[in-house]
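Engineer: Encoded as structure tokens, here's the structure I'll be asking about.
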């Protein structure tokens, strides 16, 4: 069956909102009415392979999910949730692609629907991970530190001048030692309270700089959430250096500064 015949065959088995056309390189592209969370259209591709067909998203779903995170790799939790989606829909995860192989002609329409549904469910993991903003961001920062081979401790406790014990998200050891305070919230109303809390911590722990030469404070804002105002950055900037998680190269420069 040539590409045009395959396209007609698939189109006749799917609702009118599914649009079939020859793919740019090979096979057929099925443009579905399903959408990714940002409004992008879910495309599914059908390729002839031997005596059957392969139905795949060509890695679009996991690629989309990866773009929502600064980390270059998915966390173990993300990977596990994606595997659960595939297992539920009986989809293979092959080299970052959602795939159904050895599909017969009469099952093409149902297979296209399953792969499209899997793509949507995988992309919807973004909502699950977004609702766990602080823990997820801390995990991503930890993965990023490991990737960059920067030594660190997580959730370190330091006693302030007031005798209050503060939990600092990360203490890193590169060319210098840095105490990194992570500011992450999905609620605009909580942003100022979190900023004031970090400011208080920096002020109370400032005495450590006198006893530990080369110690620096860094306030790391998770700016993937649009909750921060310019005055929040200015407030903590009085006591610490500022880094934005969306610009991790700048964070690396600060951590490695001599």
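The values are calculated or read from the model by the stated rules, or taken from the named source; none is laboratory data. Just so it is clear, the model here is predicted, and its values are computed rather than measured. Ideal geometry is used to build each Cβ from the backbone, glycine not excepted, and the neighbour counts take in all protein chains shown.
Engineer: Checking the condition assigned to a loop (DSSP other than H, G, I, E, B) and more than 30 Å from residue 247 (Cα to Cα), which residue from 47, 6, 17 passes?
Structural biologist: Among 47, 6, 17, only 17 is assigned to a loop (DSSP other than H, G, I, E, B) and more than 30 Å from residue 247 (Cα to Cα).
Engineer: Return yes when residue 120 is within 18 Å of residue 81 (Cβ to Cβ), at pLDDT below 95 and either part of a strand (DSSP E or B) or in contact with a strand residue (DSSP E or B) (Cβ under 6 Å, 6 or more places away or on another chain) (or both) and no when it is not.
Structural biologist: Considered against the rule, which asks whether it is within 18 Å of residue 81 (Cβ to Cβ), at pLDDT below 95 and either part of a strand (DSSP E or B) or in contact with a strand residue (DSSP E or B) (Cβ under 6 Å, 6 or more places away or on another chain) (or both), residue 120 comes out as yes.
Engineer: So, one more: Name every residue in segment 192-207 that is touching a residue at least 12 places away in the same chain (Cβ under 8 Å), touching a strand residue (DSSP E or B) at 6+ places or on another chain (Cβ under 8 Å) and under 18 Å from residue 223 (Cα atoms), in order of residue number.
Structural biologist: Within segment 192-207, 195, 198 qualify.
Engineer: While we're looking at this one, here's another question. On the basis of being within 17 Å of residue 98 (Cα to Cα) and surrounded by fewer than 18 Cβ atoms within 10 Å (Cβ to Cβ), does residue 63 make the cut?
Structural biologist: yes
Engineer: With the condition kept exactly as written, say whether any residue in segment 25-43 is surrounded by 15 or more Cβ atoms within 10 Å (Cβ to Cβ) and on the phi > 0 side of the Ramachandran plot.
Structural biologist: Checked against the condition, which is being surrounded by 15 or more Cβ atoms within 10 Å (Cβ to Cβ) and on the phi > 0 side of the Ramachandran plot, segment 25-43 yields at least one hit.
Engineer: Would segment 143-150 turn up any residue that is over 18 Å from the mean Cα position of the chain (by Cα) and over 14 Å from residue 254 (Cα atoms)?
Structural biologist: yes
Engineer: Here's another thing I want to ask about it. Looking only at segment 143-157, filter to residues that are assigned to a loop (DSSP other than H, G, I, E, B) and touching a residue at least 12 places away in the same chain (Cβ under 8 Å); which one of those is surrounded by the most Cβ atoms within 10 Å (Cβ to Cβ)?
Structural biologist: Top of the filtered list is 150.
Engineer: Taking the stated definitions as given, is residue 182 under 24 Å from residue 140 (Cβ atoms), part of a helix (DSSP H, G or I) and in contact with a strand residue (DSSP E or B) (Cβ under 7 Å, 6 or more places away or on another chain)?
Structural biologist: no
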